[in-house]
Amino acid sequence: MTKQKAIDWLRRGAIVALFVTALLLLRHTGYYTGFRDMLLGGAETGGSAETGAGELPRAAVNVQPLAVTVCGPEGGARYGAAYDENTATVFRRFSVELGEALGSADSPVEIDEAAFRESLSGCGVSFRFAAPLQLRLLAGWLGTEMSGAAAQDSAALICLAASETEVALCYRTAEGSAFRCATAARPEALRARTAEYPPNGALFAWETDRVEDGDFLMLQTPPAPAVVKSAVTLPQAEERDALLRAMGMNSFVASSYTEADGTVVYVNDETSLRLNPSGTVFFRRAASPDAGDGGADLAAAADIAWRAAERSIALSCGDAALTFSEASYSESQRTVTVYLDYTLNGIPVSLSSGHAAEIVLRGETLIQARLQLRSFALTEETTTLLPYLQAAAIAAARDAEPALEYVDVGDAMECMWVIANG
């Protein structure tokens with residue numbers, strides 16, 4: 001081999017090595033994905049909502065009650081948990097029975113308040129959510145489907161009441177009416193599971209002398225929530241690309257410019273995303289004939305919205321978790337709007353700027369979104385709260401009930417009792 005040929009071979013080897021190194025670097029930085037999307041003619045998510053391998057099932061949507069109660073086979077005294085990890089644990093423990101009851105619920109029969117409270121006091125389990133939740137949504141996430149009239153109802157307080165022979169599904173609607181549905185759930189299974197929870201002195205407000213009314217659950221000791229620090233988290237590099245992809249934009253080819261107030265605007269085909277310095281994200285997709293004819297499939301819309309939020313704001317929220325709040329259908333716009341919020345150890349976070357995510361879909365296409373980029377850090381300090389009884393008494397004086405929230409006060413979140421309704 002001549003000296004010139006040897007030099008040529010060395011040069012070619014160096015080029016190949018540089019090319020391989022470049023590919024590895026592209027893959028490591030995430031730009032490989034954007035390049036692949038460009039070649040395939042679409043983004044990773046957003047434009048199409050088909051569920052494929054590796055996609056989150058509907059049951060993975062994080063919906064958790066604020067409080068739970070369990071009454072054993074003898075009824076009367078109950079176990080209660082609220083605003084803590086035990087609440088989520090009990091909910092998961094009874095999720096199979098709840099799913100069976102929802103899926104087999106017969107036609108609802110309206111009952112009076114006394115009958116409803118009797119169901120809460122007898123053998124069974126109850127779940128209190130932050131806001132009225134569509135029963136068909138809850139059933140879908142628990143792996144069942146509702147076909148009866150109760151599927152159209154929403155409830156913040158749901159109870160499974162077990163007798164010796166049957167399990168009844170009882171709930172109070174957003175309008176305040178109480179209903180009872182016969183179910184095919186097995187009473188022996190539910191009764192056996194309730195026996196696992198010894199009473200811990202939990203009471204409803206209507207069982208006390210000082211409050212006398214309301215479904216607010218009171219425990220022997222108030223919670224001791226952690227002091228939390230919060231901050232606006234503007235995405236950088238990979239997190240920025242993930243945010244764009246979550247909205248259905250091609251992070252590799254999107255153009256960008258910065259406005260006078262520091263807002264960064266990304267544009268890709270018929271989509272635009274505005275990232276405000278305050279951490280607010282505004283996304284918009286131009287409505288088009290192929291965006292679908294809409295429909296009130298709330299479960300599918302909630303699932304799509306959840307995946308988009310999990311792949312964007314959930315990546316940088318620190319010690320917080322995202323939870324489903326509500327979904328609504330607009331007949332005139334043919335859109336479904338899904339609301340998600342942050343929680344900290346089971347306690348809802350109330351941002352001064354609104355929900356953590358407000359996502360609008362037409363059919364299976366995400367067309368608008370408003371996201372709040374925040375990061376939360378739990379500290380070892382705890383907050384001293386009013387006891388349950390005092391909080392309930394103060395709220396009752398205003399014909400309302402208390403609720404525990406982390407309230408946005410700048411660079412920290414203050415945990416406090418707030419007036420929930422009235």
Subject >> Residues (surrounded by 16 or more Cβ atoms within 10 Å (Cβ to Cβ) and among the charged types (D, E, K, R)) located in the range 230-243 >> reply: 239, 240, 241
Original post:
Failed condition for residue 174, given (1) within 24 Å of residue 84 (Cα to Cα); (2) modelled with pLDDT under 95, with all others met?
Top reply: (1)
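Each row is one residue, and each column tells you yes or no for (1) among the hydroxyl-bearing types (Ser, Thr, Tyr); (2) at pLDDT below 95; (3) touching a Gly at 6+ places or on another chain (Cβ under 8 Å); (4) closer than 22 Å to residue 215 by Cα.
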{"position": "64", "(1), (2), (3), (4)": "no, yes, yes, yes"}
{"position": "105", "(1), (2), (3), (4)": "no, no, yes, no"}
{"position": "112", "(1), (2), (3), (4)": "no, no, no, yes"}
{"position": "122", "(1), (2), (3), (4)": "no, yes, yes, yes"}
{"position": "140", "(1), (2), (3), (4)": "no, yes, no, no"}
**OP:** Please enumerate the residues belonging to the range 193-208 that are closer than 21 Å to residue 395 by Cβ and surrounded by fewer than 14 Cβ atoms within 10 Å (Cβ to Cβ).
**Re:** 201
Original post:
For the range 304-335, which residues satisfy the criterion of being among the small types (Gly, Ala, Ser) and in contact (Cβ under 8 Å) with a residue 40 or more places away in the chain?
Top reply: 305, 308, 309, 312, 316, 318, 320, 321, 325, 327
**OP:** Of all residues in the range 371-421, count the ones that are farther than 30 Å from residue 236 by Cα and among the hydroxyl-bearing types (Ser, Thr, Tyr).
**Re:** 4
Original post:
If you take the residues of the range 194-211 that are touching a Gly at 6+ places or on another chain (Cβ under 7 Å) and outside any loop (DSSP other than H, G, I, E, B), which of them is nearest to residue 222 (Cα to Cα)?
Top reply: 205
Original post:
Regarding residue 156, is this residue assigned by TED's automatic domain parsing to the domain that holds residue 66 and either at pLDDT 95 or above or under 22 Å from residue 64 (Cβ atoms) (or both)?
Top reply: yes
Original post:
Any idea how many residues of the range 154-198 are more than 17 Å from residue 118 (Cα to Cα) and in contact with a Lys or Arg (Cβ under 9 Å, 6 or more places away or on another chain)?
Top reply: 5
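The values are calculated or read from the model by the stated rules, or taken from the named source; none is laboratory data. No experiment lies behind these values; they were computed from the predicted model shown. Neighbour counts are summed over all protein chains in view; Cβ atoms, including those assigned to glycine, are modelled from backbone coordinates with ideal geometry.
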